[in-house]
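**Q** Sending over a structure as structure tokens; questions will come in a sec.
The values are calculated or read from the model by the stated rules, or taken from the named source; none is laboratory data. These numbers were taken from a predicted model, which means no experiment stands behind them. In this analysis, Cβ positions are derived from the backbone assuming ideal geometry, glycine residues included, and neighbour counts consider all displayed protein chains. Accessible surface areas use protein heavy atoms only, side chains included; no ligands, DNA or RNA. Shrake-Rupley method; radii C 1.70, N 1.55, O 1.52, S 1.80 Å.
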Amino acid sequence: MSRAFVKEDDDAPPPPPLGRTVSSAPNRVTARGLRLIDEEIARIEAALGAGQDAEVEARLRRDLRYWGLRRATAQPVTPDPAPRAAGFGAKVTIRRGSAIQVVEIVGEDEADPAQGRIGWTSPLARALDGAAPGETVELGAEPVEVLAVAPGEGG
């Protein structure tokens with residue numbers, strides 16, 4: 001291989017970490033989601049003073065920029081205390097095929113599908129938006145039946 005294609009400055013520091021991708025959707029949050037953002041900012045700020053190595057410090061600063069931006073752009077939404085249809089902040093019981101599932105529609109950063117929390121911009125949440133119990137919506141080729149709608153826990 002020609003020396004023209006060999007990296008000569010192997011001792012150079014690594015490039016700065018890229019910033020975390022920020023969604024272009026409005027940053028709608030539940031009260032729980034806003035609290036989680038504040039807790040994450042506090043956790044990162046506490047860790048920054050702990051004498052981390054340069055790589056960890058850079059990652060923490062990157063994360064702090066992300067969460068600071070998410071806090072600054074947060075749009076708290078008060079969910080309907082008695083929802084009649086699926087929407088932001090609602091807990092929705094659905095049937096997909098033979099499986100019954102309960103999902104809560106929350107902000108993007110609060111989403112945790114393993115815990116039944118889906119972001120309001122997810123395909124499932126978008127398909128469910130405005131659907132009342134007894135209605136069936138399509139998610140791709142799959143019908144999803146809304147069985148019940150209740151207030152979520154994020155409020």
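**Q** Summarise the accessible area of the chain (1.4 Å probe, protein heavy atoms) by the percent that is carbon and sulfur.
**A** Roughly 53 percent of what the probe reaches on the chain is carbon or sulfur.
**Q** I would also like to ask the following. Keeping every protein chain present and rolling a 1.4 Å probe, give me the accessible area per residue for region 52-155 in Å².
**A** That works out to 54 Å² for each residue.
**Q** Another one. Calculate, in nm to one decimal, what residue 80 and residue 62 gain on full extension: separation in residues at 0.36 nm each, minus their alpha carbon distance.
**A** Taking 0.36 nm per residue and subtracting the Cα distance, the gain is 3.0 nm.
**Q** Ok, one more. Restricting things to alpha carbons, find the Rg to Rh ratio for the chain using the Kirkwood radius for Rh.
**A** Expressed as Rg/Rh, it is 1.17.
**Q** Please tell me the relative contact order of the chain in percent, rounded to the nearest whole number, where contacts are Cα pairs under 8 Å and at least six residues apart.
**A** 24 percent
**Q** Here is a further query. Taking the Cα centre of region 106-155 as the origin, how large is its charge dipole in debye, to the nearest 20, when only Lys and Arg (+1) and Asp and Glu (-1) carry charge on their Cβ atoms?
**A** The calculated dipole for region 106-155 is roughly 60 debye.
**Q** Mean residue ellipticity at 222 nm from the helices of the chain, using -39,500 (n - 2.57) per DSSP H segment of n ≥ 4 over the full residue count, to the nearest 500 deg cm²/dmol?
**A** After summing the helix terms and dividing by residue count, I get -9000 deg cm²/dmol.
**Q** Further question on the same structure: Which percent, nearest 5, of DSSP beta bridges in the chain are antiparallel?
**A** Roughly 75 percent of the DSSP beta bridges within the chain come out antiparallel.
**Q** Now a separate question. Between residue 122 and residue 136, what is the spin-label point distance in nm, taking each point 7 Å from the Cα along the Cα→C-beta axis?
**A** Placing both labels 7 Å beyond Cα along the Cβ direction yields 2.3 nm.
**Q** Shifting gears a bit: Based on the mean of other beta carbon atoms within 10 Å per residue, what is the order of 70-76, 46-52, most packed first?
**A** On the way: 70-76: 14.1, 46-52: 10.9.
Per-residue mean Cβ counts within 10 Å order the peptides as 70-76, 46-52.
**Q** Report, to the nearest 10°, how far helix 31-48 tilts away from the longest principal axis of the Cα atoms in the chain, using its own Cα long axis and a range of 0 to 90°.
**A** 20 degrees
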